[in-house]
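Asker: I have a structure I would like to understand better, so I am pasting it below and will then ask my questions one at a time.
The values are calculated or read from the model by the stated rules, or taken from the named source; none is laboratory data. Predicted model, so just to flag it, every value in this text is computed and none were measured. No Cβ is skipped: glycine too gets one built from the backbone with ideal geometry, and neighbour counts run over all protein chains shown. When the accessible area is computed, the model is the full protein with side chains, heavy atoms only, and any ligands, DNA or RNA have been set aside. Shrake-Rupley method; radii C 1.70, N 1.55, O 1.52, S 1.80 Å.
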Amino acid sequence: MISIENYSGHRLEGILRVLWEALSADPISRSLFVRKALLDPNFDTLGTAVALDNGEVAGFGLAFVRGRPLEDAPMDADRGYITLL
């Protein structure tokens, strides 16, 4: 059975496994994922989708609306971004 839920910490290992398998040409380490995704000031679990197949992580999506502008860039809170799928 396939289900979708928002990110929670206990799914991190499964998400990393899926990313390692999917991004073999450009692998992402745990520390890079944590730094670039989870510690991003715009990260919100409502912008995540963890696909589960019988309780096991089978996919991951990350999207956000920028609540804090990039340095030296105009505010763009009227846009959303899918950064990982």
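Asker: What's the extension gain from ASP78 to ASP53 if we count 0.36 nm per residue and subtract their Cα-Cα distance?
Answerer: Numbers: separation 25, 0.36 × 25 = 9.00 nm, distance 3.36 nm.
Gain in length upon complete extension: 5.6 nm.
Asker: Under a plain spin-label model, where a point goes 7 Å from the Cα along Cα-to-Cβ, how far apart in nm are ARG30 and LEU12?
Answerer: 0.7 nm
Asker: Please list, ordered by chain and number, the residues whose modelled amide H lies under 5 Å from the amide H of THR83; skip anything fewer than 5 residues away on the same chain.
Answerer: Excluding prolines and chain starts, which carry no amide H, the hits are LEU62, ALA63, PHE64.
Asker: Quick one: order GLU71, GLU13 from most to least accessible surface, probe 1.4 Å. Spell out each step's value before the answer.
Answerer: On the way: GLU71 160, GLU13 100 Å².
Reading off the accessible areas and sorting them downward yields GLU71, GLU13.
Asker: Ignoring ligands, DNA and RNA, what percent of the 1.4 Å accessible area of the chain is carbon and sulfur?
Answerer: 57 percent
Asker: Next question. Which one, (i) 66; (ii) 54; (iii) 60, gives percent of Cα pairs over 15 Å apart as derived from the coordinates shown?
Answerer: Calculated percent of Cα pairs over 15 Å apart: the matching label is (iii).
Asker: Which one, LEU70, LEU85, ALA51, is farthest towards the positive end of the dipole of the range 22-85 when Lys and Arg carry +1 and Asp and Glu -1 on their Cβ?
Answerer: The one lying farthest along the dipole's positive direction is LEU70.
Asker: Could you state the accessible area per residue of the chain in Å², with a 1.4 Å probe and every protein chain left in place?
Answerer: 67 Å²
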